[in-house]
Amino acid sequence: MDVIPTVGNQSRVNIESLKKLINSQRQPEFPEVDAMFAKAVDFLDQCHVRISVVGQVKAGKSTLINVLSGTKDLLPTEVNPWTAVITNLHFGHLDKPHGGGVFQLFSEDEWQRMLEGDKEARALAEDFLPGFDSTVLKKQVEEMQEKARKRLGSLYKHLLGKRHHFNKITSEILERYVSAGHQDTDGEIDESANAGRFSGITKAAEVYLEPGPFSIPVTLSDTPGINDPFLVRDEITTNSFRDTDIFVVALSIHQALGVADMALLKMLSRHSGKSTVIFVNRIDEVDNLAVDVPKVLETLEKKLKSEMGGVNYKLIAGSAHWGHIAHYANEKAIMAASGSAEFNAYCAKIGVDSALAPRDRLIAASGLSELRHALSDRIAEGPVKSALAKTASELNSAMGMLEKLLRERLKNEEVVLLDVGDIPSILESEKNRLITHINTLADLADELDSNEDQTRAKLLENGEIVAKSITNTIEATLSCYVDGQSSELAAAFSSGNTAKKWSLDTAALRQRIEEQTLASYQEGRTEMDGLIAKFATVTDGKVSAVLAEIDIENLLENLPHETIFPGFKPTTTLVDIELVNDRGWRFWEKTKMKKDAAIDRVQKLIRQEMLSGVKICCKTASLAIAERTGEALSRIAKVKKAARDLIVDEINTLKKEIETLVQGINKETILQINTKRATRAKARREQVNRLAKAKDELAKNFLTKPSNSADSRAVSGSKARHE
Amino acid sequence: MIQANRTEPILTARKTPPKRYFNIVVAGEFNAGKSSVLNVLLRKEVVPVSLGISGLPPVRILPSATESCDICSSEPERRLAKSDLFDEASDTQISSITITTPLEDFQDAAFHEVSVDQNGELSAKSQEILAKADLLIWCTMGQRAWCLSEISIVEKLPQPLLDTAILAVTRSDYLRNTDDLAKVQQRLSRKAGQYFNTILSLDCSRKSIANILDQTVWEHSGGKGLRDFVLSEYRKSPLFGKVRLFTSNDTPDIAAACQSAGTLSYAEVTAAWLSELDTMENWLVSRPAANDRQFARHVHNRLIAFSDAMLPVVDPDKANNSYLSAFGKAAHYLDNALSEQEQANVALVATDLALQLLGELDSLVGNGRLSTT
């Protein structure tokens, strides 16, 4: 497998340089200003971009995301419309978990509200999407809710409003929550099936991932296709438009810019300040590539110009399928995809160097590099640029405040006090300085307390999430296995199976469950370690800025249960299931079971056989995480105590100093104080100078200059359209 | 123009609906593979397949012994060659496209290709064609077959038309394996089954169409299945067979017809026929180039006069259907063609019809079934 090229490098560079500037001016001595600086850094760290991939059903949105983000086959794809819930993939967000995911299920209220819908979005969809009819939609929502009620039975009430956590998200799990699910001809979803089991009641899917190819935090949303006869999906997608910065509109080249595509573009153009990239997908399915692809692009450009005049779209032709092959498939598949005469002619036409390796030619022809560049440009020009501008202007006023404070202090220190009559003033000023310092330290101590409380809560929550996540993961894996066995059994029946028993070897299932439990545990453990480390660094950072460093090394060492050995032991790994009816009075007449009865029996037996294993597995993991969490809590308490002790010591020392001052003072002490004041004054002057330089740099590089018309072409375009 | 000569529209003068072509309409959204469906159905590349061209007017394919393609543009007013179609389509306002070609099994059928326009609607002209349709083939591309925008059109179509309509799922070759195809078919029968009783998958790839004359390729593409289905619907139709002019088994009972009509005597009828025959023959002997508009106009007027003259003799309720069929067909040909201002095409059709009519009458006279005494 190849490394997926990155997106957003320039944005990262810009953000980092502003962060560096801020960090060079941090002043823990002035908590109010420092809080503003800290906030600015946090804001920049959290500066993220929301990209939505939208388009008609079967335009290849999920595949495009799988290739673009390097998630390979994480998002489930299918030949029928499959994505039923908006799936937000969060890459490298510092303020979010670094792995796993959460599925939010509808609450009773929300479900009721879904019937009414977002009025504005619904009106827009009715205006533009041919066939979008609110009465039909309402009926479909009711049907969907009724079906979910039926499918989930007694579970239904229990599930509403819940959040399902997973420490590790797999394709199987996503399929359970966000996929439409296979339906038989009557439209009934198989009751025990894995795919789509919860999609009807899932409101949102959040998946947290490492930064992957994204240099700045990105949320990439996969949306259900529009122009779906199941209007619920159209509505889900059209409701989501406002929460997005950049749209990638995926089109199928076969029927590009048809009425539904134009409707979508018109709806998007109503959202000003957002840019749109159009990816004309599936060119791999065109017969005469070199001729037809440029021809279609030309037609599309003409059409966009005549119908969407004002908007400046970036139009890219490509194939997510080729990208998928180039990045994830083997040499043989790459050769097969890039070997045809049509492919070569196309490469020649679009100017791909014929000397490149087949894989690189495939990537070049796939249009994905072009898409990455287009996205990088739009990220830098759009949301990142405005985040930088916002931070810079807030920073400018914070720096102004800081300058004022510094100058004040400088003035205090600079006043030459040598006269005998000045002694009370010197005492007063020195006392005030010490009291301010004590107050700052006392505030810090409180802050450390509340930080510990927060971390404790998070650690405990994490422990619960791990336990729940493991139960959920095992259930998903088991359901998947049961699905597989049921369809194999059904196939065997259709092809005339005459055997009277059904044997299954659960060794592979056992291994899979053990692996997944372990992976889930480890993700949860990493999350916990991260929380501890963050607590320690924050505590140390705050204390060492004003006092001394605290020993936080070895904090994570020898915590119990670095890993676990999930013992998933079903009663037996080889299960034979008799497919013979129970001996009744008609036994001799009909000994073999009917298909449905057999499937039912197999499903029940698998679950029964696995039950004890599941219990043991969950128990092992939850005990381990509980013990580790317990130890972690006592360790963070120790760290905080050490920090607090330091602070209390310092406060006591300062108090003593004040006492000494009050008790009496001689000339020598005065001289000493004055020398110290002079040193502090010098330091202050240096601070003021550095601050002035930083302010200049800020103004030069980051503060918005008078408007530059080339700033955001696409944005101004969509605004023009808006009029 | 041409209709100005007529005092009374022939169709309204008739008491029963005119007999006419069996109209097969192939419709769908742009690029849904309509032309390809026609090509695999008729086993020849009748309509050139175009990618990304939209906004063409409906295309009409009529049976004829000769191949022809007639494209009229209204702005600028001129005729185009078939090869011009895809180069100039976007700049030229094409008003009509009529293709004639031998259609062995479909002697009395007309095929129409109708496209949903850019606004997701059917143009007035398309609606007119769909209103006269006897059989509908709705094309949808396999990958995302059956979308909301399609439903919004199909649900407005009349139920009798949908009763026999076929949903043709095109480009089944894009689906990478048979399992996928089965899944798509299952979804379609669930989602589109309420509108269509028949759903067929077709492989309309360029490769298939290039080798469509190969029986295995044709069967594999699904083209044969589609043709069999269309043919059986066509043969079930009351129009089939009856629109033929005097078939050998027909013995028109003219005397009975005249008596029941009671307006003209038998002698008067036959005399009128024979005089018409003479006039027509003279016209046709001096027949100039087949697509001469002037000539077409003359033939048209003569035929209308002929048909009008015969009308009073035939009681629609009692007379032999064959008479009505012949006149109805002639009138419909001409009426339809002229109302769409396709004079050039009328020349071909009307000439064919006139010759056929004369032949039939001649042979009747020759067989002694029609006597002048």
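All of the numbers you see were taken from the coordinates with simple rules; none came from a lab. Values in this document were obtained by computation on a predicted structure and should not be read as measured data. Glycine gets a Cβ as well: all are built from the backbone with ideal geometry, and neighbour counts include every protein chain shown.
Show that you can apply the helix-only estimate: for chain A, add -39,500 (n - 2.57) for every DSSP H stretch of four or more residues, divide by all residues, and state [θ] at 222 nm to the nearest 500.
-20500 deg cm²/dmol
Along the charge dipole of the range A:601-705, pointing to its positive end and built from +1/-1 on Cβ of Lys, Arg, Asp and Glu, which listed residue (A:Asn666, A:Thr653, A:Leu611) has its Cα farthest out?
A:Leu611
Estimate the FRET efficiency between A:Glu464 and A:Asp696 by the formula 1/(1 + (r/R0)^6), using the beta-carbon distance for r and 56 Å for R0, to the nearest 0.05.
The pair A:Glu464/A:Asp696 has a calculated efficiency of 0.65.
Going by amide H atoms built from the backbone, whose H comes under 5 Å of the H on A:Ser275, apart from near neighbours?
Here the answer is A:Phe247, since their amide H atoms fall under 5 Å of that of A:Ser275.
Which of the peptides A:26-33, A:264-271, B:109-116, A:106-113 is most tightly packed, and how do the rest follow, going by the mean number of other Cβ atoms within 10 Å of each residue?
Final packing ranking: B:109-116, A:264-271, A:26-33, A:106-113.
Can you give the mean number of other chain Cβ atoms that lie within 10 Å of the Cβ atoms in peptide A:256-263?
6
Going by average Cβ neighbours within 10 Å, how do the peptides B:158-164, A:98-104 rank, with the highest at the top?
A:98-104, B:158-164
Return the percentage of antiparallel bridges among DSSP beta bridges fully within chain A, rounded to the nearest 5 %.
So the antiparallel bridges amount to about 45 percent of the total.
Work out the FRET efficiency for B:Lys236 and A:Asp576 from their Cβ-Cβ distance, taking R0 = 51 Å, and round it to the nearest 0.05.
0.35
Cβ under 11 Å from A:Leu94's Cβ, A:Leu94 left aside: what net charge do those residues give with Lys, Arg +1 and Asp, Glu -1?
Value of the local net charge: -1.
Please sort A:391-403, A:220-232 by packing, taking for each peptide the average over its residues of neighbouring beta carbons within 10 angstrom, highest first.
A:220-232, A:391-403
What residues have an amide H closer than 5 Å to that of B:Ala110, excluding those fewer than 5 places away on the same chain, when H is modeled at 1.01 Å from N in the peptide plane?
Sorted by chain and number, the residues that satisfy this are B:Phe22, B:Asn23, B:Ile24.
Hey, can you grab everything whose amide H is under 5 Å from the amide H of A:Val49? Only 5+ residues off in sequence or another chain; H modelled, so Pro and N-termini drop out.
Residues meeting the criterion, in which the H sits 1.01 Å from N, are A:Val218, A:Thr219.
Where Lys and Arg each count +1 and Asp and Glu each count -1, what net charge lies around A:Lys656 among other residues with Cβ under 12 Å from its Cβ?
Charge balance near A:Lys656 sits at -3.
If neighbour count is taken as other Cβ atoms inside 10 Å, put A:Val384, A:Val688, B:Val26 in order from fewest to most.
Lowest to highest Cβ neighbour count: A:Val688, A:Val384, B:Val26.
Give me the inter-chain shielding for A:302-310: mean count of other chain Cβ atoms within 10 Å, whole number please.
1
Over all residues in A:285-295, what is the mean tally of Cβ atoms on other chains that come within 10 Å of each residue's Cβ?
If you average over the peptide's residues, the count of other-chain Cβ atoms is 2.
Net charge near A:Lys640: determine it from the other residues with C-beta under 12 Å of the C-beta of A:Lys640, scoring Lys and Arg +1 and Asp and Glu -1.
-1
Considering only C-alpha atoms, what is the centroid distance from the range A:597-652 to the range A:198-223, in Å?
Taking the Cα centre of each part, the range A:597-652 and the range A:198-223 sit 26 Å apart.
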